[in-house]
Amino acid sequence: MPFPLTRRHAGLLTAAFLATSALTAPALAQTPPGVLVVGQIAEPQALDPHAVTAVNDFRILMNLYDGLVRYAPGTLEVEPALAEDWEIDEDGTVYTFTLREGVTFHDGSALDAEAVVWNFERMLDEDHPMHEATGPFPLSFFFSAIEEVEAVDDRTVRFTLNEPYAPFLSNLAYPTGLIVSPAAVEEHGEDFGRNPSGTGPFVFEEWRSNERVTLLRNPDYWDGEAAAEAVIFRPITDANTRTAEMLAGGIDIMVEVPPVALSQFEGAGFEIVEQAGPHVWFLILNTKEGPFADVRVRQAANYAINKEALVNDVLEGTATVASGPVAPAFSWAYAGLDPYPHDPDRARELLAEAGAEGAELTFYVTEGGSGMLDPVPMGTAIQADLAAVGLDVRIETYEWNTFLGRVNPGLEGQADMAQMAWMTNDPDTLPFLTLRTEAWPDEGGFNSGYYSNPEVDQLLEQARVETDQDERARLYKEMQEIVQEDAPWVFVANWVQNAVTNDRVENFSLEPSFFLLLKDVAKN
Amino acid sequence: MGAYILKRLVSAIPVLFGITVIVFLIMALIPGDPATAILGAYATPENVERLNRHLGLDRPLWQQYFVWVGNLVQGDFGRSFALNRPVLDEILDRFSATLVLAGTAFVLCALLGIVAGVVSAARQYGLADKAITAAVILGISVPSFFLGMMMILLFAVHLRWLPVSGMYSMFGGGDLPDLIRHLAMPAIALSLVATGVVARLTRANMLEVLRQDFIRTARAKGVHERRVIWGHALRAAMVSVIPILGLQAGFVLSGAVYIEIVFQWPGIGRMLVDAILKRDILLVQGGVVFVAACYVGFNILVDVAQAWLDPRIKT
């Protein structure tokens, strides 16, 4: 019963072969000049800056919109944007902004004081007609200090705060402070998030679900035209695929390069860009109960964990060793203390003094999550370091949302330590929400380890309302010294954000704010 | 036949109802809620409560369920909070992409699997049989996502014959050849395991059929061997192969989840994974119910096809 290869079979095979070669024949086209293709880590949630929370979305939004103020390039210092100028009264509670003249939104409507007032009322006033329809606005509490916003005249906006609040300007520079077109929101209602209109250097063109978001150059931009004609943001959730796309030329800029993939880009044709940012990776220690209620055990953990090895070996140099609760990116507020050295002998001594040798500890580890870097390998490395000084650590691993649901309500009765990371736009937010006595979980804060030191509480309260920058810096530095000594956390790492570009991309840099600003980036 | 189809359709209703209950309960029971997912590190109890109220999640569970099913019956799947668009629009967009991928993989696995199985049975223990069996075992053993990554490395990064990911090119393209170029790797990676399974079972069934009397009679009557194999024997073997194909359809649909992530195919599997991570309840529920309904529908088709091939089944 043979199946001879007949002429018909041969013909079919040849046809099939020709068809495949015809399909693969055209050499894959490079991306065209003037169009930047950015590989994003996920699909954006919405392009309404007040409705979103993810850095991934901010990367697009910062190129579509402007705020009243912005961070000066390469810093976390505030400079004018849509507001040319501003004044702060002596109490630090009234901020008066003068708007730039002649700026229009992409939809043609004018940027005036009324539009700015409308933006903040939509976010903050539950009776605003668009509040319910286009909300929720999860980060609106950034502006909860605002008592009133009013349009004094066409170009003057006045904010009255219920108490002095030092991070106010910095929050206005954050994506939650970007100004949207009221006319566009009213026109599109709940679909505004897919039909955005701002004043930024790029104009929204198209959003194809899970394929791309396309922006075109804004020819009328008040701060000069962008260098690229267009920007395309491609969501590529799988890190290996993102790396393959970068290697194959399908994208020009790749953000958040996994540490293990960095070596792929060390050759010619690619450039690796790095920038330290306002990020702190730490372990929350349960100071209320168990071994970590004793400060000596907490210090012992800080000595026992080899942070150099974590940042160099596990994270492949994509982070630096942290010394306290303030990231070095806030250069003016950073105390520059020496981190706890890796000293297992000192750790054993402290544990012996505290009588905590061989203590059993439960350690919450997450599988991933915003800013968490490589949490599982980091968790096991930490477990090994603690085992080396005689602490018996049991790891419990949770998916990110479940993890937050367990950690945010407080560690009492559940765990002795938990991983955590924060990225903030000011040095105030993180310690204020995580180290004060009044920030214990039952009071609505994130002090999940129940750290409490009245001196620290007072310093933090003062620093938040103080408007003199030098005095604020002094207060924060003092706070860092106390907190480092008290060791409510193990201070582990400050993330160095990275990106890779191919050699056709020029003038690209990363910002300490972790935003992606593409206005001056060119591609040939 | 009409009555049989109707009977099968009616029996699907409790199945679908059960699916709505299960998927609703799973979403309600897994830890973490949408508000925590949206707020991330800023999920204070106060913020979470405010958001949950906004999303209608502060109501009792049974009320949420009936509101959801009530709307579902009227064709309203609700609105995805994480994507900011109606759930049904998203599902239809994404499902069509999955259909293209899974459909191609299914056709590939059915055609290649049956042909390989028949050839191998017709030449039992011959060289072709041994080669096919070896290839099939290899195909069944390699996880599809691993194969996918290796294919990307070879064909997209090193040889640059095919694009790495996506469904269409960013620039130009958008036509059928462009689609086929993007489809080639994911469809092959997805179909491989299923092809192996179909080939093995076709071979086994064919061997059994080929030993039966009517085949001997056909040969004795001088029917051409090609007609004996592809006509008489295959038709008889198909009765047992078709239910396997039905199972493979489910396998290909669920396998699409991994393949869609590896190749960034904008399909429903990837959508569901993202939606689960973001706790986008309505999108997960709507998506699962939709896929399950399609699967149930496909199985009805399989049953009907089987009944048509072998009328004894209809009882």
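The values are calculated or read from the model by the stated rules, or taken from the named source; none is laboratory data. This structure is a prediction, so every number in the text was calculated from the model and none was measured. Here the Cβ positions follow ideal geometry from the backbone for every residue, glycine too, while neighbour counts run over all protein chains shown.
Of A:262, A:283, all but one fail to be in a helix (DSSP H, G or I), touching a residue at least 40 places away in the same chain (Cβ under 8 Å) and either of a type outside the set (S, T, N, Q) or surrounded by fewer than 19 Cβ atoms within 10 Å (Cβ to Cβ) (or both); the exception is A:262. Picking from residues in the stretch A:462-509 that are small (Gly, Ala, Ser) and farther than 18 Å from residue A:326 by Cβ, the one that is farthest from the chain's Cα centre (by Cα) is A:509.
From the list B:155, B:171, B:106, B:145, which one is within 10 Å of chain A (Cβ to nearest Cβ) and under 16 Å from the mean Cα position of the chain (by Cα)?
B:145
Take residue B:77 and decide whether it is in contact with a helix residue (DSSP H, G or I) (Cβ under 9 Å, 6 or more places away or on another chain), surrounded by 18 or more Cβ atoms within 10 Å (Cβ to Cβ), outside any helix (DSSP H, G or I) and more than 13 Å from chain A (Cβ to nearest Cβ). Taking the combined requirement at face value, the residue satisfies it. Considering the stretch A:214-245, and only residues there that are within 7 Å of chain B (Cβ to nearest Cβ) and assigned to a loop (DSSP other than H, G, I, E, B), the residue that is surrounded by the fewest Cβ atoms within 10 Å (Cβ to Cβ) turns out to be A:237. If you check B:51, B:83, B:39, B:61 for being closer than 27 Å to residue B:19 by Cα and either among the acidic types (Asp, Glu) or buried (at least 16 other Cβ atoms within 10 Å of the Cβ) (or both), only one passes: B:83.
Within the option set A:492, A:483, being farther than 28 Å from residue A:175 by Cβ and touching a residue at least 24 places away in the same chain (Cβ under 8 Å) holds for one residue only, A:483. For residue A:403, the conditions (1) within 14 Å of another protein chain (Cβ to nearest Cβ); (2) buried (at least 21 other Cβ atoms within 10 Å of the Cβ); (3) under 26 Å from residue A:71 (Cβ atoms); (4) free of Cβ contacts under 8 Å to residues at least 60 places away in the same chain all hold with the exception of (3). Just need a number here: residues in the stretch B:86-108 that are more than 30 Å from residue B:194 (Cβ to Cβ) and buried (at least 21 other Cβ atoms within 10 Å of the Cβ). Of the residues in that region, 0 qualify.
Yes or no, residue by residue, for (1) over 26 Å from residue B:239 (Cβ atoms); (2) outside any loop (DSSP other than H, G, I, E, B); (3) at pLDDT 90 or above:
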{"site": "B:114", "(1), (2), (3)": "no, yes, yes"}
{"site": "B:119", "(1), (2), (3)": "no, yes, yes"}
{"site": "B:145", "(1), (2), (3)": "yes, yes, no"}
{"site": "B:150", "(1), (2), (3)": "yes, yes, yes"}
{"site": "B:153", "(1), (2), (3)": "yes, yes, yes"}
{"site": "B:163", "(1), (2), (3)": "yes, no, yes"}
{"site": "B:168", "(1), (2), (3)": "yes, no, no"}
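Remark: pairs (first residue in the stretch A:59-78, free of Cβ contacts under 8 Å to residues at least 60 places away in the same chain; second residue aromatic (Phe, Trp, Tyr) and part of a loop (DSSP other than H, G, I, E, B); Cβ separation under 9 Å; 6+ apart in sequence or on different chains) = A:77/A:332. A count restricted to the stretch A:171-212 and to residues that are assigned to a strand (DSSP E or B) and modelled with pLDDT of 95 or more stands at 5. Scanning the stretch B:20-63 for residues being aromatic (Phe, Trp, Tyr) and touching a residue at least 40 places away in the same chain (Cβ under 8 Å) gives a total of 1. Here residue B:172 does not fit the description of being closer than 22 Å to residue B:111 by Cα, free of Cβ contacts under 8 Å to residues at least 24 places away in the same chain and not acidic (Asp, Glu). Applying the criterion of at least 3 residues that are within 14 Å of chain B (Cβ to nearest Cβ) and closer than 30 Å to residue A:245 by Cα to the strands (runs of 3 or more DSSP E) found wholly in the stretch A:22-138 leaves A:35-40.
Pick from the stretch A:148-167 the residues that are among the aliphatic types (A, V, I, L, M) and assigned to a strand (DSSP E or B): which of them is surrounded by the most Cβ atoms within 10 Å (Cβ to Cβ)?
So in the stretch A:148-167, the residues among the aliphatic types (A, V, I, L, M) come out as A:149, A:151-152, A:157, A:161, A:166.
Of the ones still in play, those that are also assigned to a strand (DSSP E or B) are A:149, A:151-152, A:157, A:161.
On the way: A:149: 20, A:151: 17, A:152: 13, A:157: 26, A:161: 20.
Of everything passing the filter in the stretch A:148-167, A:157 is surrounded by the most Cβ atoms within 10 Å (Cβ to Cβ).
Checking each residue in the stretch B:238-265 for being surrounded by 24 or more Cβ atoms within 10 Å (Cβ to Cβ) and within 12 Å of chain A (Cβ to nearest Cβ) picks out B:259, B:260, B:262, B:263, B:264, B:265. Which condition number does residue A:248 fail, the rest of (1) more than 22 Å from the chain's Cα centre (by Cα); (2) more than 14 Å from chain B (Cβ to nearest Cβ); (3) hydrophobic (A, V, I, L, M, F, W, C) being met? Residue A:248 satisfies every listed condition except (2). Screening the candidates A:350, A:373, A:337 for the property of being outside the structural domain of residue A:55 (by TED's automatic domain parsing), in contact with a helix residue (DSSP H, G or I) (Cβ under 6 Å, 6 or more places away or on another chain) and touching a residue at least 60 places away in the same chain (Cβ under 8 Å) yields one hit, A:337.
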